[in-house]
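The values are calculated or read from the model by the stated rules, or taken from the named source; none is laboratory data. Only a predicted model underlies this, so the values are computations on that prediction, with no experimental measurement involved. Methodologically, a virtual Cβ is constructed for each residue, glycine included, from the backbone with ideal geometry; neighbour enumeration extends over all protein chains shown.
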């Protein structure tokens with residue numbers, strides 16, 4: 001006896017099923033009972049999962065047999081993107097999913113085809129499993145665990161559970177990925193930073209901008225004390241009550257948070273203009289409180305939490321700690337406080353003037369930015385035991401300070417004259433010869 005499934009093409013079977021389902025479009029849903037409506041949606045979702053599982057299986061075979069190029073398509077992913085009407089790149093995503101289910105995660109493939117999980121749940125599970133070490137037993141155990149959890153958790157909850165499993169199974173890899181993600185985000189935000197002040201009407205000015213979390217933390221640390229609520233100015237007697245009977249104020253600051261923060265910004269600028277501090281003195285830097293593990297800071301992994309709740313990468317913390325009034329809340333492996341800042345790490349007035357007298361401007365090869373635009377960089381970082389002394393400091397502008405922390409460029413002190421010299425990356429000089437002059441790349 002010949003099976004109908006083998007006598008009829010798969011495309012015809014799907015077309016017949018669609019034609020049968022189209023009869024539901026004439027259904028008077030208002031006449032159906034609530035449980036019928038609920039059951040219908042549930043069965044539709046199960047059918048969608050089965051169809052998506054079958055589709056991914058077919059997409060994998062199209063790629064294996066090169067069927068799409070034979071029909072004139074540039075690639076399988078272009079074909080899938082076109083027929084699905086999806087976003088650019090959606091075909092590639094489907095193809096990668098098909099490969100993962102076929103080659104690495106067969107249990108997820110079975111669950112999707114059976115309709116016990118949705119495609120979105122399958123994508124979340126595959127994403128979490130792909131971050132685990134390539135160990136068959138570890139991945140299979142995690143696959144079974146996540147499939148079991150998928151019975152009672154949606155894709156969002158499953159993503160958090162998957163992240164937890166990854167953090168438990170591979171904590172070091174999870175920290176490295178988190179640090180790398182933060183670093184990428186910080187670099188992107190740094191490139192897109194701006195501040196604009198423009199008139200928007202009679203007497204009005206609009207201020208808008210964008211910056212990094214690192215810069216925002218400094219701004220918030222400086223403005224928060226100035227933005228604290230103050231009592232409304234009103235004549236009161238010795239009992240604290242208002243003497244004006246027609247006044248209905250309750251003594252509280254009538255300004256909302258946004259108004260107080262703007263007033264703090266203006267007040268900060270006013271104080272900066274009237275401060276008796278010359279540019280050469282380096283001024284007074286904001287105070288920032290950071291909390292992170294000492295081992296993470298030394299290894300440049302993980303992240304630090306500032307008092308306002310934002311997260312900074314370990315690289316950003318090391319860069320800030322060079323020349324910002326940072327109070328590091330360094331924690332040990334058990335979370336105990338080991339150190340709450342060392343004031344001797346900061347550059348005082350006399351040391352700053354001596355640094356200017358020696359370097360005169362940014363010491364990076366070819367740069368002549370003035371000291372007002374520079375920071376005092378610890379050649380041997382304070383985290384690694386470096387001293388705050390003239391023979392361990394280099395004057396670097398903001399651009400080259402960031403460059404030294406984020407690229408293969410290195411700085412060291414010349415043993416003969418005690419001045420900084422720079423070691424270029426291999427791509428600029430394969431021999432990595434120390435220099436004080438920026439040579440063009442050969």
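A few remarks follow.
- Restricting attention to region 340-367, the residues being assigned to a loop (DSSP other than H, G, I, E, B) and modelled with pLDDT of 80 or more number 6.
- Taking the criterion of being exposed (fewer than 12 other Cβ atoms within 10 Å of the Cβ) and part of a helix (DSSP H, G or I), the residues of region 59-82 that qualify are 65, 70.
- Residue count, region 87-118 (criterion: surrounded by fewer than 18 Cβ atoms within 10 Å (Cβ to Cβ) and either on the phi < 0 side of the Ramachandran plot or not assigned by TED's automatic domain parsing to the domain that holds residue 54 (or both)): 15
- Across region 122-167, the number of residues qualifying as farther than 19 Å from residue 52 by Cα and either in a helix (DSSP H, G or I) or in contact (Cβ under 8 Å) with a residue 24 or more places away in the chain (or both) comes to 31.
- Residues in region 31-51 that are surrounded by fewer than 13 Cβ atoms within 10 Å (Cβ to Cβ) and closer than 14 Å to residue 116 by Cα: 42, 43, 44, 45.
- Residue selected from region 380-392 under the condition buried (at least 17 other Cβ atoms within 10 Å of the Cβ) and not in a helix (DSSP H, G or I), by the criterion modelled with the highest pLDDT: 381
- Yes/no for residue 333 being surrounded by fewer than 15 Cβ atoms within 10 Å (Cβ to Cβ) and modelled with pLDDT under 85: yes
- Any hit, region 132-141, residues being within 26 Å of residue 43 (Cα to Cα), out of contact with any strand residue (DSSP E or B) (no Cβ under 7 Å at 6 or more places or on another chain) and assigned by TED's automatic domain parsing to the domain that holds residue 59: no
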